[in-house]
Every structure is written in C-alpha cells, then in structure tokens.
Amino acid sequence: MVRKYAVDLFFDVVCPYSYIMFESLLRYRSKWPMSVALKPFSLADVMKETGNPSPLEAVPIKKAYLAKEAMLLAKYHNIPYSLGKVDVFFQFLLLYKFYNLSIDSMKSQDACEILTNCTPIYANRLICATQIVYPEKAESVTRAIFRRMFVEKAGISEPNDLLEVMHSCGIDGKSLPAHDATEKLRGNTEEAIETGCFGAPWTIVTAQDGKEETFFGSDRLQLIGLFMGQRIEGPYPAQAQFFDYSRMQKDPPKQLQYPREEMRQEEIDFKSAHFRLDPIILPHLNKEKPAKLQYPH
C-alpha cells in the first residue's frame, strides 16, 4: 500500500484519551494509506504555554463525567482499561496548577511530593530515548507504559517502574541517551504548540501534496478518514491489524463489561474517594499564568 499520508500523533502518557487514540488509530494503519509517527510531548507545557486551564477548573463535576467517558470510549473500542488509574490524570492536573500557581509560602511539601510521584515526564522521555536507540521497540514501550497506567494500576514515575517497562520490552537502559531524549521531548512539545495544539491527543495529517490538517481528541477518526477520503469502519475495521493484548500478561484480559450496578458503584467510589484532594488544592488556584516549566535533568 502506498503511504499517501503522514500522521503525527502527539500524546502524553498521563492522558487516558491519548491511550485510546493510540490504540484506535494504529488499528487503521493497515487499512488507510498512512504512516504513523508517535510523538510524546509534555501536556503540562502545552496547557501552560497556550493558557488552556485544567478541565476541572471551570466545572469541577466534569471530573466524574470525563472519567466515565474515557471508560466508555475504551469499552467501545474494546481496549483494556481500568477506571482506577485515571484518577492520577486528574490529580496531576490539579496538583500541577497548585504547584505552579501558588506563591512559594503556600506550596505544600506533601503536594509537591505527590506531583513528583505522578509526573509522566520520565515515561515520556523513555519513549523518546527508545525511538533514538531502539526505534523498532518504541511502539511496544509506549503500549507497555499505557498499560501500566490504565490497566495494571501500576506506577510510571519511579525508576523501578520504568526498569520494569524496559525489561519487558528487552531494552538496555544504559544505552539510552538521557539528554537527547529530553531535547526530543522538548522539540515535540514546541512543534505541537507551533501547530496550534492546546491539549492531548493532537494529530497532524499531512498529504503528499503538502496539505495539512490538525485534529484534537481521541474520537476524531471519522474526520481523519474524511480528510484522507477513506471510509471509517468503526472500532473493528475489516482486515485491520489488532494487537493481541493477552500477550502482555499471563491471563488474557477480561472483556470490559460493566453491569449497571457495577458502573454505578464505580462512579460513586470515584466521586467520594477520588475527590479527596479537591478541598486542599482548589482554594489555592488563581488565574495568574505560571512561569515556563523547567525540565528535570
């Protein structure tokens, strides 16, 4: 098949919608005349640079809805997904704003520690480093990180977390270039911002004649197909290449069936237990634009 379109997928591993777009887009790689380039970036930098507020800032109850929506989108695409870890995404957004917008005397050491523990920057840099040294394994590393985040309810920020990812994908961590990975991540972030990006996932499609279009969100496959002149076949395109998720664990993943009682209980648990940080964080938010985020070395 002639690859008439180049697709750049900008994503942050902390974002559940990035995970959904990653899996659903790659299913169409064998169906549509396109090549797909994975470009991890810093969602925190994008939001800050563009002035895009946290989705929780204006309407706090949107948190519960977005969690439910992500779960249903994953179910629609039959992508393994666990509701529990999505809370890290929203904690990251809240704590990111608290840490950057509060004056120094208001910054809580505990909050800073939580923010450090849930930051995705090292996982994103690992993907960038893999693309430099082991480009053929970058997709596997990306999927392994997403799976830890949104299926296994495991961490992605501690050194041991990433060592487990590297071991599972057959990567020698000593050969990975830390500085080059940092620069690559920064370059991806700046490129996304320059093209009008304000959130994740962000997809850029470029035709052979140079015509380009951008798309935001995990549910834009029909618009991407329209731009390419291709038919959209829903979450199960005929003759598409589906990843065998059962290869990533000893037991095949359970089908994501959510009886009404179970779904209602999960929503109740999410609203009661996972809002625990809001009374601590929300009173300290203000409208000042934060200083530019510094990448850790």
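The values are calculated or read from the model by the stated rules, or taken from the named source; none is laboratory data. Computed from a predicted model, the values in this text were never measured in an experiment. Quick reminder, even Gly has a Cβ in these numbers, built from the backbone with ideal geometry, and neighbours come from all protein chains shown.
K39 fulfils the conditions (1) of a type outside the set (D, E); (2) outside any helix (DSSP H, G or I); (3) buried (at least 20 other Cβ atoms within 10 Å of the Cβ); (4) in contact with a Pro (Cβ under 7 Å, 6 or more places away or on another chain) except for a single criterion, (4).
Which number in (1) under 23 Å from P237 (Cα atoms); (2) of a type outside the set (A, V, I, L, M, F, W, C); (3) buried (at least 21 other Cβ atoms within 10 Å of the Cβ); (4) under 17 Å from the mean Cα position of the chain (by Cα) marks the one condition that Y28 misses? For Y28, the exception is condition (4). On the stretch given as region 144-172, residues that are loosely packed, with under 14 Cβ neighbours inside 10 Å and not charged (D, E, K, R) total 5. The set of residues from region 128-143 being surrounded by fewer than 24 Cβ atoms within 10 Å (Cβ to Cβ) and in contact (Cβ under 8 Å) with a residue 60 or more places away in the chain comprises Q131, A138, E139, R143. The helices (runs of 4 or more DSSP H) found wholly in region 73-168 and carrying at least 1 residues that are of a type in the set (S, T, N, Q), modelled with pLDDT under 60 and over 19 Å from P201 (Cβ atoms) occupy 86-101, 109-118. Taking the criterion of being under 22 Å from the mean Cα position of the chain (by Cα), aliphatic (A, V, I, L, M), within 24 Å of W32 (Cα to Cα) and not in a helix (DSSP H, G or I), would at least one residue in region 177-197 satisfy it? The answer is no, given that none of the residues of region 177-197 is under 22 Å from the mean Cα position of the chain (by Cα), aliphatic (A, V, I, L, M), within 24 Å of W32 (Cα to Cα) and not in a helix (DSSP H, G or I).
Does A44 satisfy the condition of being of a type outside the set (V, I, T), surrounded by 15 or more Cβ atoms within 10 Å (Cβ to Cβ) and out of contact with any helix residue (DSSP H, G or I) (no Cβ under 9 Å at 6 or more places or on another chain)? Against the criterion (of a type outside the set (V, I, T), surrounded by 15 or more Cβ atoms within 10 Å (Cβ to Cβ) and out of contact with any helix residue (DSSP H, G or I) (no Cβ under 9 Å at 6 or more places or on another chain)), A44 does not qualify. Once region 200-219 is narrowed to residues that are part of a loop (DSSP other than H, G, I, E, B) and touching a helix residue (DSSP H, G or I) at 6+ places or on another chain (Cβ under 8 Å), the residue that is modelled with the lowest pLDDT is D219.
Condition first: closer than 20 Å to K184 by Cβ, in contact with a Phe, Trp or Tyr (Cβ under 9 Å, 6 or more places away or on another chain) and in a helix (DSSP H, G or I). Can you find one or more residues in region 12-19 that meet it? Yes, because at least one residue in region 12-19 is closer than 20 Å to K184 by Cβ, in contact with a Phe, Trp or Tyr (Cβ under 9 Å, 6 or more places away or on another chain) and in a helix (DSSP H, G or I). Taken over region 213-235, the criterion of being surrounded by 14 or more Cβ atoms within 10 Å (Cβ to Cβ) and either more than 16 Å from Y76 (Cβ to Cβ) or free of Cβ contacts under 8 Å to residues at least 12 places away in the same chain (or both) is satisfied by E213, T214, F215, F216, L223, I224, G225, F227, M228, Q230, I232.
Taking the stated definitions as given, is T203 under 23 Å from L66 (Cα atoms), surrounded by 15 or more Cβ atoms within 10 Å (Cβ to Cβ) and polar (S, T, N, Q)? So T203 passes the test.
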